[in-house]
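The values are calculated or read from the model by the stated rules, or taken from the named source; none is laboratory data. It should be emphasised that the depicted structure is a prediction, and the values quoted were computed from it without experimental measurement. Reconstructed Cβ throughout: ideal geometry from the backbone, glycine too, with neighbour counts over all protein chains shown. Side chains included, ligands, DNA and RNA excluded: accessible areas come from the protein's heavy atoms. Shrake-Rupley method; radii C 1.70, N 1.55, O 1.52, S 1.80 Å.
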Amino acid sequence: MKYNILTISREFGSGGRSIGRAVAERLGIPFYDRELVNKVAHETGFAQEYIAEAGEYAHVKSKFAFLLSVGHSAHMHGHTAPAEYIWATQSRVIKSLADQGPCVIVGRCADYILKDRADAFHAFIHAPKDARAERIVRLYGENSEKPIKRLDEKDSKRKIHYNHFTGQVWGMSQNYNISLDSEALGIDKCVDIIVSAMKGE
């Protein structure tokens, strides 16, 4: 079966974004990552930096704390942005982009939002912590926080957000068509595998 839509879910630092972009280039189809953030920001009227975080991460590291905070307003530039409003807008934008034609969409629970589309292929990219830690230092540089702690915090907040809005467990293999270890396989091989699957080869 040939697939038109690819969703990429990924652990922080696993190279999922790079893999998604390379797949889009190989297939000659649109790639939506920062572009998706911009569209949601435009529709909601909130800052792109705010949407980049609120659309994919819980703002706290505790599931209970996040549950208590959902429904409360986050003040931003004199406006309010309930988590549910951002989720609804983001879901609508993702479905609209998929309806427009073949594309690659990175993160933002797109795998769940498009789970009923028969032409959507869902990939999860992961890698060992030490490899991911090395990658984020190489790409983003050092800061006062240790790389492993940065990984754990990002993944934890992403996991809480995903679980709250989808009711699913982030990273569980049953939620995806394929799960790839980018360290064991390498970025290029991951791209090859996904492109082949998308083409139905």
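Expressed as a whole percentage, what fraction of the accessible surface of the chain belongs to carbon and sulfur atoms when a 1.4 Å probe is rolled over the protein heavy atoms? C and S atoms contribute 51 percent here.
Can you give me the convex hull volume of the Cα atoms of segment 144-198, divided per residue and expressed in Å³?
110
Using the Cα gyration tensor of segment 108-169, with a ≥ b ≥ c the square roots of its eigenvalues, what is the shape: rounded (a/c below 1.5), prolate (a/b larger than b/c) or oblate (neither)? It is prolate, given that a/c is not under 1.5 and a/b is the larger ratio. At full extension, R34 and E142 could sit 36.6 nm farther apart than now, given 0.36 nm per residue minus the alpha carbon distance. For a 29 Å ceiling on Cα separation, which of these pairs sit above it: K154/K189; K115/K189; K39/K189; K95/K199; K95/K149? Cα-Cα > 29 Å for K39/K189; K95/K149; rest within. Within segment 104-132, what residues put their amide N at less than 16 Å from the label point 7 Å along the Cα-to-Cβ vector of E25? So the set is 104.
Multiplying the residue separation of V169 and D152 by 0.36 nm and removing their Cα-Cα distance gives an extension gain of 4.5 nm. If you take Rg and Dmax of the Cα atoms in Å from the coordinates, which of [x] 20.4, 64; [y] 18.5, 59; [z] 16.6, 52 do you get? Answer by label: [z].
Ellipticity at 222 nm from helices only: DSSP H runs of n ≥ 4 in the chain, each -39500 (n - 2.57), divided by the residue count, give -16000 deg cm²/dmol. Rg of the Cα atoms in segment 93-134, relative to 2.2 N^0.38 Å, amounts to 1.45.
In the assembled protein chains, V104 presents an accessible area of approximately 0 Å² (probe radius 1.4 Å).
Dividing the mean sequence gap of close Cα pairs (under 8 Å, 6+ apart) by how many residues the chain holds gives a relative contact order of 39 percent.
Taking packing as the residue-averaged number of other Cβ atoms within 10 angstrom, the listed peptides 9-22, 114-127 run from highest to lowest as 9-22, 114-127. Legend: residues K199, K154, sorted from most to least accessible area (1.4 Å probe; ligands, DNA and RNA excluded), read K199, K154. Dipole check for segment 142-201: with +1 at the C-beta of Lys and Arg, -1 at the C-beta of Asp and Glu, and the Cα centre as origin, the magnitude is about 300 Debye.
Remark: segment 87-152 carries 47 Å² of accessible area per residue (probe radius 1.4 Å; ligands, DNA and RNA excluded).
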